[in-house]
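Take a look at the structure set out below.
The values are calculated or read from the model by the stated rules, or taken from the named source; none is laboratory data. Here the structure is a predicted model, which means the values were calculated and not measured. Note: ideal-geometry Cβ built from the backbone for every residue, glycine included; neighbour counts use all protein chains shown. Quick note on the areas: whole protein, heavy atoms, side chains included, nothing else; ligands and nucleic acids left out. Shrake-Rupley method; radii C 1.70, N 1.55, O 1.52, S 1.80 Å.
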Amino acid sequence: MGVSFFNNLPGIILSFLIALLGIFFSNYLGTEIMGFDKSPISSILLAVIIGLLVSNIFSISENFKLGIDFSIKKILRLGIICLGIRLGLGDIINLGLAALPLIIICLVSALVIVIYLSKKINVSSKMAALIAVGTSICGASAIVATAPAINADKEEVTYAIANITLFGILAMFFYPFLANFIFNGNEYAIGLFLGTSIHETAQVAGAGLIYAEQFNSPEVLDIAAVTKLVRNTSMMIIIPLIAFIYHRNLKTTESVSNLSILSMFPLFILGFIAMGIFRTIGDITLQSSGYSFGLLGSNDWVNIINTVKQVAEISLAIAMASLGLSTNLKSISSLGIKPFYLGFVAATSVGIVSFLVIKLIVI
């Protein structure tokens, strides 16, 4: 464990320093140069951009890559889990159930559009399946989980992930501002839109953080996070379904029984819910007896909540910086045009469907 930690440390420190640079330049540009009391420039947005510049101008050593990968996976999950303390269990359940119909419509639409279009433009069925799950569920995680079920090659997996990453990052930068405009600042609608229309969990968290900073609305991050976590759980249904459709269309007899449902379930969702339960019990016991869990006074309980919130913010900032550091624009630019076109149409279609459903049904 110690060796593994020290191997990850250089990349974690680099991601942390870039997150700090994002905060510094946000404050400097917004307050010192532009003269605002509070910077209108998102520190998260700058952290991702700085990470992108570093990763595409300089050659990042393998010593850093382990920690960067650790940050975007493990530290991101820690941040998501800690976000759960911002909501009680009742809030999580209510938001999740309210978002479920929208999530189902967006999932089905993405799958149908990608599969239909892939046949029209002659993209391979494996590539179409990878882009479909990456767009509809949760980006790279869904792609990696689906690959063994359809016997996808490493090159196809890398291609699909690069495709999804590109459009997801563009959405992360652009959608917070677009959503604020098209939904007239309606926090609930904006959170639903970000949670259903952006691919990766990291990208949704980044978009929520950008919106929270730019428009002083942390509630949007909460709504987007819950929506995305509910969307992630659909992996357990969608991935076996995609595998079944793929093998049926090819009329193969290959078994997909080696798929592990447990391995598809994003376990950090349970941590998020557990943190919500922890917050709920603490609040209830504080109200009933004056002490959270019979031990903590009001000030102590508030301090714990604020500390966990700060851990969430720092963890997500590190993960966003590592997201920029892990994105190689040169490799993305070398992709073929047809799957690139398919990924673009898929990403755009999900955004349009999400917008229309929210406008027509939700608000």
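Structural remarks
- Within the range 178-204, the set of residues being over 20 Å from I72 (Cβ atoms), open to solvent by 20 Å² or more (accessible area, probe 1.4 Å) and not in a helix (DSSP H, G or I) comprises N184, G185, N186.
- Of all the numbered requirements in (1) buried (at least 20 other Cβ atoms within 10 Å of the Cβ); (2) touching a Leu at 6+ places or on another chain (Cβ under 6 Å); (3) over 18 Å from G206 (Cα atoms), N56 misses one, and that requirement is (1).
- If you go through the range 207-248 and keep only what is open to solvent by 10 Å² or more (accessible area, probe 1.4 Å) and outside any helix (DSSP H, G or I), you end up with N216, S234.
- Enumeration of residues in the range 98-127 that are farther than 19 Å from V353 by Cα and assigned to a helix (DSSP H, G or I): K119, K120, S125, K126, M127
- Whichever residue in the range 133-177 is of a type in the set (F, W, Y) and surrounded by fewer than 22 Cβ atoms within 10 Å (Cβ to Cβ) and, among such residues, is modelled with the lowest pLDDT: F173
- In the range 133-158, the residues that are on the phi < 0 side of the Ramachandran plot form Cβ pairs under 7 Å with partners that are open to solvent by 40 Å² or more (accessible area, probe 1.4 Å) and not hydroxyl-bearing (S, T, Y), at six or more places apart or across chains, as follows: A140/I161; I143/I161; A149/V256; I150/K126; A152/K126; E156/K126; V157/V144.
- Residues that are polar (S, T, N, Q), open to solvent by less than 30 Å² (accessible area, probe 1.4 Å) and modelled with pLDDT of 85 or more do occur in the range 59-74.
- For the range 269-289, the set of residues classified as farther than 11 Å from W301 by Cβ and open to solvent by less than 30 Å² (accessible area, probe 1.4 Å) consists of I269, G271, F272, G276, listed by residue number.
- Test for K309: is it under 30 Å from L21 (Cα atoms), modelled with pLDDT of 85 or more, among the charged types (D, E, K, R) and open to solvent by 30 Å² or more (accessible area, probe 1.4 Å): yes
- Test: residue in the range 114-131 that is of a type in the set (S, T, N, Q) and crowded, with 24+ Cβ neighbours inside 10 Å: no
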